[in-house]
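Nothing in this text is a laboratory measurement; each read-out follows from the coordinates by a stated rule. Keep in mind it's a predicted model, so treat the numbers as computed, not measured. Quick reminder, even Gly has a Cβ in these numbers, built from the backbone with ideal geometry, and neighbours come from all protein chains shown.
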Amino acid sequence: MAVQILLNLMTAFLWMMLIGDGSGSSFVIGYLLGSGILMVLHKFLPEPLYFNRVWSIVKLLALFLRELVLSSFAVIRQILRPRLTVRPGIFAYETALRSDFEVTLLSCLICLTPGTLTLEVSGSGRTLYIHAMDIEDAGQLSRQIEGTFEKAIMEVTRL
């Protein structure tokens, strides 16, 4: 992936030098030209095109921002109620993620989302102990984490 990005950037700068224009629009045109060259030559590259991974990262970031906003409103709603109706709890979450990076990323995303906190990761790295501010059903919360963050992390790391 890094080689492809470097080739694309080198093509953009080469285009800027050939044209003799150092403007941003010239760089964008060169970058798009380099992207086209990579698409044509992708069969000769050992890895898949990096565009798919970049798109997956953008989707993960958008998913996190959506969850951040939704959970922030849920926490604010709980705070502004005259009577607290929260049911805090701790539950164990079995993850399908394999690498330390994937588990750490999931743990960080959970911690950064208001209302949830990763307390500990088991020695095997397969179980996360999560505290939730309002936990009605641990199974439902586990399925939500699996269907959102875990799926998006796998899409980024396992292309």
**Percent of C-alpha pairs per 5 Å bin, the stretch 13-156, short to long** = 2, 8, 14, 15, 13, 10, 8, 7, 7, 6, 5, 3, 1, 0
**Fill in**
Placing +1 on each Lys and Arg Cβ and -1 on each Asp and Glu Cβ in the chain, then taking the dipole about the Cα centre, the residue among Thr148, Val75, Ser107 whose Cα reaches farthest towards the positive end is Val75
**Prompt:** What span do the alpha-carbon atoms of the stretch 2-44 cover on each of the three principal axes, reported in whole Å from largest to smallest?
**Reply:** 32, 17, 14
**Request:** In a Gaussian network model over the chain where Cα atoms closer than 10 Å are linked, find which of Gly20, Gly36, Gly139 has the largest mean-square fluctuation.
**Result:** Gly20
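At a Förster distance of 41 Å, what's the computed FRET efficiency of Ser122 paired with Trp55, Cβ-Cβ distance as r, to 0.05? Walk me through the intermediate numbers first.
Working: r = 32 Å, r/R0 = 0.79.
According to the calculation, E is roughly 0.80.
Can you figure out the FRET efficiency of Cys111 with Arg81, using R₀ = 25 Å and their beta-carbon distance, to the nearest 0.05?
Details: r = 24 Å, r/R0 = 0.98.
According to the calculation, E is roughly 0.55.
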